[in-house]
Amino acid sequence: MGEELSDDPYRIAELYDLEYAYHREDIGWYTQLARAAEGPVLELGCGTGRLTLPMAHAGATVVGVDRAPAMLEGLAAKLVRAPPVVQRRVQLVAADYRSLQLDQLFGAVLWPFNALHHCAGPTDVAEVLCRIRGWLAPGGSLALDCYLPDLELYDRDPDERFEPRSFTDPRSGQLLQSWEQGWWDAATHTHHVLYVYEHPDGRQERAHLALRMYELDELRTLVEGAGWRIVSEAMDFEETPLHPDALKWVARLRPSG
């Protein structure tokens, strides 16, 4: 087997964009919320702009926060190709949202695309929720989505390869063979997902996600304890009502006080 490189999932914007190029089901939902916001929108974990750019094209002013330099560089490169009016609507901030300091207030805060799972535990989630309250203008709201535990998924053989795919590497034009593997750490409530991209010479690039999972009741308790009320919740972006087998939580929150 060829050389195995660093597995930081956010170090290569091109691979990130390849992986999530067809993940579009949330774009309309977040864009609608951004357009309706009374004031600028704060996006926590903006990545390479999968949501940021459609929101800005739709007329929203967006402050995008991400701690990964490669993600922000990828987004900045896309912004250069956007019309000047769209460029003026986007501000990028290099920071970890868990320690972010902001003086500005926002009409809406978005915590999208499972970014909540980067919080290492309930204390982290509660602290971020408390921070967000301080960034909201009066009448503002928080929108988020995250996974719910999937016991069938966690029961997969960690050595087995799943979701085999082929990609054309935009950096070289060569064909990449890709698959994913995963395992569950019950002690830490963490779902590990490993994306592998193999080059024709056997060299591998890997992206390892460690996603801290939370039960729905736990999330609701954290939300309430941090001073929020749930305005709406669903199991998808079509706002299908939650049921016991739901694997996704899509929610809008407002401060309870």
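The values are calculated or read from the model by the stated rules, or taken from the named source; none is laboratory data. All values derive from a computational prediction rather than experimental measurement. When we count neighbours, we look across all protein chains shown, and the Cβ atoms used for this are built from the backbone with ideal geometry, even at glycine. To get the accessible areas, we keep the full protein, side chains included, count just its heavy atoms, and leave off ligands, DNA and RNA. Shrake-Rupley method; radii C 1.70, N 1.55, O 1.52, S 1.80 Å.
Ordered by solvent-accessible area of protein heavy atoms (1.4 Å probe), largest first, the residues 183, 111 come out as 183, 111. When 132, 12, 230 are compared by accessible surface with a 1.4 Å probe, the order from highest to lowest is 230, 12, 132. Rounded, prolate or oblate: which one fits the chain, using the alpha carbon gyration tensor with axes a ≥ b ≥ c (rounded when a/c is under 1.5, else prolate when a/b beats b/c, else oblate)? Judged from the Cα gyration tensor, the chain comes out oblate (a/c at least 1.5, b/c at or above a/b). The modelled label-to-label distance between residue 153 and residue 20, using points 7 Å beyond Cα along the C-beta direction, is 1.4 nm. Each label point was placed 7 Å from the Cα along the Cα-to-Cβ direction; for residue 94 and residue 114 their separation is 2.7 nm. Along the axis of the charge dipole computed for region 13-60 (Cβ charges of +1 for Lys and Arg, -1 for Asp and Glu, origin at the Cα centre), the listed residues 23, 45, 60 are led at the positive end by 60. Between the alpha-carbon centers of region 13-80 and region 192-257, tell me the distance in whole angstrom. When both Cα centres are located, 17 Å separates them. Dividing the summed -39500 (n - 2.57) terms of all DSSP H runs of n ≥ 4 by the residue count of the chain sets its mean residue ellipticity at 222 nm at -7500 deg cm²/dmol.
Mean-square fluctuations from a GNM of the chain, with a 10 angstrom spring cutoff on Cα atoms, peak among 181, 101, 91 at 101. Highest GNM mean-square fluctuation among 156, 212, 81, for the chain modelled with Cα contacts below 10 Å: 81. Once all protein chains are placed together, residue 254 keeps about 60 Å² accessible to a 1.4 angstrom probe. Could you work out the relative contact order of the chain, using alpha carbon pairs under 8 angstrom and six or more residues apart, expressed as a whole percent? Answer for the chain is 19 percent. To check you understand DSSP bridge types, tell me what percent of the beta bridges within the chain (both residues inside) are antiparallel, rounded to 5. Here the share of antiparallel DSSP bridges comes out near 65 percent.
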